[in-house]
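Everything below concerns the one structure shown next.
The values are calculated or read from the model by the stated rules, or taken from the named source; none is laboratory data. Given the structure is predicted, the values throughout are model-derived calculations rather than measurements. Positions of Cβ are backbone-derived with ideal geometry, glycine not excepted, and every protein chain shown enters the neighbour counts. Accessible surface areas use protein heavy atoms only, side chains included; no ligands, DNA or RNA. Shrake-Rupley method; radii C 1.70, N 1.55, O 1.52, S 1.80 Å.
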Amino acid sequence: MGKVMGIDLGTTNSCVSVIENEEPVIVPTPAGARTTPSIVAFSKNGERLVGEAAKRQAVTNPGRTISSVKRHMGTDWSIRIDGKEYKPQTISAMVLMQLKKDAEDFLGEPVTDAVITVPAYFNDIQRQATKDAGRIAGLNVLRIINEPTSAALSYGLNHGEAQKVMVYDLGGGTFDVSIIEIGDGVIEVLATAGDNRLGGDDFDNRIVDWVVQEFRREHRMDLTRDFAAMQRVREAAEQAKKELSSGESTQIILPYLTQDKGEPVHFEAVLTRSKFNELVDSLIERTAGPVHSALKDAGISASQLGRVLLVGGSTRIPAVQDKVRMLTGKEPSRNINPDECVAKGAAILGSTLQGNSLTAAGTNQELLLMDVTPLSLSIETVGGVATRLVERNSTIPTRYSKIFSTAAPYQTNVEIHVLQGERPMARDNKTIGKFRLKGIRRAPAGVPQIEVTFDIDANGILKVSARDLDTGKEQSVTISAGDRMSDEEIQQAIFEAQAYARQDDLRKEAIALNSEAQSVLAKAQQKLKSEGKQMEKAQKKQIKSDCAALQKLLGKFKLEKAVEADLENIREAKARLEESVGVSGDAAV
């Protein structure tokens, strides 16, 4: 049985973990880093870059570099590059493919099974989009798990004592807070709340806006019109934010930031921590509402919390930590790594899904994980009312049924409009699907008995069915929202991802072969120059002919258009030259 990857698919950075010797370990990148930037880029020659390589070239290639795509999951957002349209699922799949490759290189074996984490406040469509991204990347997604729950699972493995824990998860693009009870071998989520549009990106944007204003004040120029300059400002803003987590001030120095009448214009300023706190104060304040809501839904006060766990890179900001202390009256725990605990928890869950038992520290009891659905689920009824079937923070998996009837006389079909959200009116909630139940027996209004069933699986993904109890006719929901990928689109994306993987391998092989062939050619030409006069005419003629043949192939060779046939021709020509001259190529260092 192969390993299961635990994947924290983050807005800014992603992280992957596997179980080794019954302990979760982080899979490093080829460069040795423990997280991978969630960035994808397309170079001018069509090469696709993922992670650190994509991040490094973002300043010089901003229009073809995509970051923070997680914020668009489950929406109709797309980007067109080189005439091809990319959806959030396909971009996310590229990041997942890189994580999969890193894990396989680390383990020395193929890996296809994965548990992927999502923000607790992701709705059904966003969860399904994440699962679709996994499918496109060639992964068998065993489970979608909420990020705070995953962090608590990582923590609970080493802390078996009974307690109520708050997980305050502020990442690059999303904010979640969950109240979790650990005890008697059970990790139970009591309540969750959050904001899918709040995270480190927003903190960066406040610094970016400040730099733009300072630059305008100093130079009377609008930086926002210079795309490349703004990319440099964004990178500097992220770095300044990180430096202010440990220092009281930081210098933002951007030489040659833009031009004015052909002359370079530089920017240099000092940003203090107090000024930064002032810039982001309203963002940090937005975390208070979900904290209060989660505590209220869990039915406890902050004083009843045993621990507060900080998860996500943005919790390193001192002002965020101060806010947590103020809201809870507790010193945040530093027992877990905020960047790694989510991936580790997912790896732990993946191991248990393979049948491996898991016990909490200091106990002999196996851990049982009980999660909740983050948002209420309803259907639209007469008057545009959202009639709830499943309340938010209901334990999952769950199944709930309710009997409805027709609103008009002699209806033979009804539309089931499925909603997610907390508002009383249907129009104010998120539509996650619509379907029509046909074949209802003609009868006066209020007579037919229609049973609507909501079935939420362990991934938090919903299936809705409706059945006419008189005729037995039944129909299940198929998500019809325009921001879901169809099965055909997913299959096409899977095919393209596999094709790209083959092309990527071919590209790497082509680069190596080109280098080796150039080396052989150089050695052959050097030999002709130094020993040509002593060679027999036939050998000299053969070497010259083989050199010319290889040189011609290399001259026509285009890396971005390489196919296997081109590589085979170069291999054969290289081998002929090696044989005639008695040299071999060495790959360039």
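Please verify whether the stretch 73-93 includes one or more residues that are touching a Leu at 6+ places or on another chain (Cβ under 6 Å) and open to solvent by less than 10 Å² (accessible area, probe 1.4 Å). There is no residue in the stretch 73-93 that is touching a Leu at 6+ places or on another chain (Cβ under 6 Å) and open to solvent by less than 10 Å² (accessible area, probe 1.4 Å).
So which of P62, P88, P28 ends up being touching a helix residue (DSSP H, G or I) at 6+ places or on another chain (Cβ under 9 Å) and over 29 Å from Q492 (Cβ atoms)?
Details: P62 fails: over 29 Å from Q492 (Cβ atoms); P88 fails: over 29 Å from Q492 (Cβ atoms).
None of the others qualify; the one that does is P28.
Do we have any residue at all in the stretch 27-43 that's at positive phi, modelled with pLDDT under 95, out of contact with any His (no Cβ under 8 Å at 6 or more places or on another chain) and open to solvent by 60 Å² or more (accessible area, probe 1.4 Å)? No; the residues of the stretch 27-43 include none that is at positive phi, modelled with pLDDT under 95, out of contact with any His (no Cβ under 8 Å at 6 or more places or on another chain) and open to solvent by 60 Å² or more (accessible area, probe 1.4 Å). When the stretch 234-291 is examined, which residues are found to be in contact with a Pro (Cβ under 9 Å, 6 or more places away or on another chain), under 30 Å from T192 (Cβ atoms) and polar (S, T, N, Q)? Once the filter is applied, which keeps residues that are in contact with a Pro (Cβ under 9 Å, 6 or more places away or on another chain), under 30 Å from T192 (Cβ atoms) and polar (S, T, N, Q), the stretch 234-291 yields S245, N277. I'd like the full set of residues that are open to solvent by 40 Å² or more (accessible area, probe 1.4 Å) and either touching a His at 6+ places or on another chain (Cβ under 7 Å) or not charged (D, E, K, R) (or both), limited to the stretch 204-219. Those that are open to solvent by 40 Å² or more (accessible area, probe 1.4 Å) and either touching a His at 6+ places or on another chain (Cβ under 7 Å) or not charged (D, E, K, R) (or both): N205, Q213, H219. For the stretch 417-439, the set of residues classified as hydrophobic (A, V, I, L, M, F, W, C) and open to solvent by 10 Å² or more (accessible area, probe 1.4 Å) consists of M425, F435, listed by residue number. Among the residues that make up the stretch 247-258, is at least one of them under 21 Å from A58 (Cα atoms), of a type in the set (S, T, N, Q) and open to solvent by 60 Å² or more (accessible area, probe 1.4 Å)? Within the stretch 247-258 (the criterion being under 21 Å from A58 (Cα atoms), of a type in the set (S, T, N, Q) and open to solvent by 60 Å² or more (accessible area, probe 1.4 Å)), the answer is no, since none of the residues qualifies. Every condition in (1) more than 25 Å from the chain's Cα centre (by Cα); (2) under 25 Å from V167 (Cβ atoms); (3) open to solvent by less than 30 Å² (accessible area, probe 1.4 Å) is met by D201 except one, and the failing one is (1).
I'd like the full set of residues that are surrounded by fewer than 20 Cβ atoms within 10 Å (Cβ to Cβ) and under 14 Å from K430 (Cβ atoms), limited to the stretch 369-387.
Taking the stretch 369-387 first, the residues surrounded by fewer than 20 Cβ atoms within 10 Å (Cβ to Cβ) are 370, 376, 381-385, 387.
S376, the sole residue that qualifies.
Residues that are over 22 Å from R206 (Cβ atoms) and crowded, with 17+ Cβ neighbours inside 10 Å within the stretch 273-301 comprise S293, A294, L295, D297, A298, I300, listed in sequence order.
Can A58 be described as surrounded by 21 or more Cβ atoms within 10 Å (Cβ to Cβ), more than 22 Å from V342 (Cβ to Cβ), in contact (Cβ under 8 Å) with a residue 60 or more places away in the chain and among the aliphatic types (A, V, I, L, M)?
Numbers: surrounded by 21 or more Cβ atoms within 10 Å (Cβ to Cβ): yes; more than 22 Å from V342 (Cβ to Cβ): yes; in contact (Cβ under 8 Å) with a residue 60 or more places away in the chain: yes; among the aliphatic types (A, V, I, L, M): yes.
It is true that A58 is surrounded by 21 or more Cβ atoms within 10 Å (Cβ to Cβ), more than 22 Å from V342 (Cβ to Cβ), in contact (Cβ under 8 Å) with a residue 60 or more places away in the chain and among the aliphatic types (A, V, I, L, M).
Restricting D184, D195, D222, D176 to those that are surrounded by fewer than 22 Cβ atoms within 10 Å (Cβ to Cβ) and in contact with a Pro (Cβ under 7 Å, 6 or more places away or on another chain) reduces the list to D195. Within the stretch 150-165, does at least one residue satisfy the condition of being assigned to a strand (DSSP E or B), touching a residue at least 24 places away in the same chain (Cβ under 8 Å), in contact with a strand residue (DSSP E or B) (Cβ under 8 Å, 6 or more places away or on another chain) and more than 13 Å from L305 (Cα to Cα)? Looking through the stretch 150-165, none of the residues is assigned to a strand (DSSP E or B), touching a residue at least 24 places away in the same chain (Cβ under 8 Å), in contact with a strand residue (DSSP E or B) (Cβ under 8 Å, 6 or more places away or on another chain) and more than 13 Å from L305 (Cα to Cα). Checked against (1) of a type in the set (D, E); (2) touching a residue at least 24 places away in the same chain (Cβ under 8 Å); (3) farther than 30 Å from P290 by Cα, D132 passes all but condition (3).
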